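**Q** Dropping a structure here in structure tokens format, bear with me for questions.
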Amino acid sequence: MDLIQDYEQQYAVLTAEITAQIGRIAATSAAGDRLKLISDIDRQLEESQELLEQIGLEIRDIPQASRAGFTSRLNCYQAEWKRLQQEFGNAKTARPRGGPTGGGGYDSVDEFDEIGIQEDQKRRLLDNSERLERTGNYLKDSYRVVLETEQIGAQVLQDLSEQRETIQRTRGRLRETDAELGRSSRLLNSMILRGLREKIILIAVGVAIFLVLFLSIYFSVSSD
């Protein structure tokens, strides 16, 4: 999970930089600068896509109980990446900021175009700022969820550890009880055997006494 968080942080930094650079494309009139910006954004989009693929691979290896939350965040990241790609395509095809015509002035059409482009740039910058703010808030919420999930996981592990110790203690007590029951059973068997022996002895003594009395009476009667 720590590796997923690292990938998420890298993705957040990349998307923030991509958003800022997309906003600068419309404000850049020099062809060389625009090409460099477009090349940088292409490279960063590829890097961010690779990060999303790595996050997806890591999610497959985490426990099933934690997989749903990370999968939901990955879906949001992928939707954000597609939106950035679309905005990047729109920015590449948008008309760049125009420059002055000969003599340092503007004709009426160029002036209107310039005003429209400036307004469009302001609107794009505001939109980019709002998106950056939303992305920052979303990352904060995601980080909070990750912390809460980590705390819950730690608590669950602690509970499982305590339950394991309780089970081990119970198992030990069961072993002791079983040993005590074995000793009690052997003692009870010994007592039963002793009682049987005593009963046999008493019966033998009774029979002997009866025989003695019978023989005494018999001989007494016979002598008379």
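Every read-out reported here was derived from the displayed coordinates using simple, explicitly stated rules and does not represent laboratory data. Given the structure is predicted, the values throughout are model-derived calculations rather than measurements. Don't worry about glycine lacking a Cβ; one is built from the backbone with ideal geometry, like all the others, and counts go over all protein chains shown.
**Q** Taking the Cα centroid of the range 195-221 and of the range 1-72, what is the distance between the two, rounded to the nearest whole Å?
**A** 106
**Q** For the range 126-224, just the Cα set please: Rg and Dmax, both in angstrom.
**A** Using the Cα atoms of the range 126-224, the pair Rg, Dmax is 42.0, 144 Å.
**Q** Let me ask another. Give, rounded to the nearest 20 debye, the magnitude of the charge dipole that the range 166-224 has about its Cα centre when Lys and Arg contribute +1 at Cβ and Asp and Glu contribute -1 at Cβ. Intermediate values should be presented prior to the final figure.
**A** Numbers: 9 positive and 5 negative charges, 136 e Å.
Once rounded to the nearest 20, the dipole reads 660 debye.
**Q** Compute the length gained on full extension between Ser161 and Met191: take 0.36 nm times their separation in residues and subtract their Cα-Cα distance, giving the result in nm to one decimal.
**A** On the way: separation 30, 0.36 × 30 = 10.80 nm, distance 4.46 nm.
6.3 nm is the gain from fully extending Ser161 to Met191.
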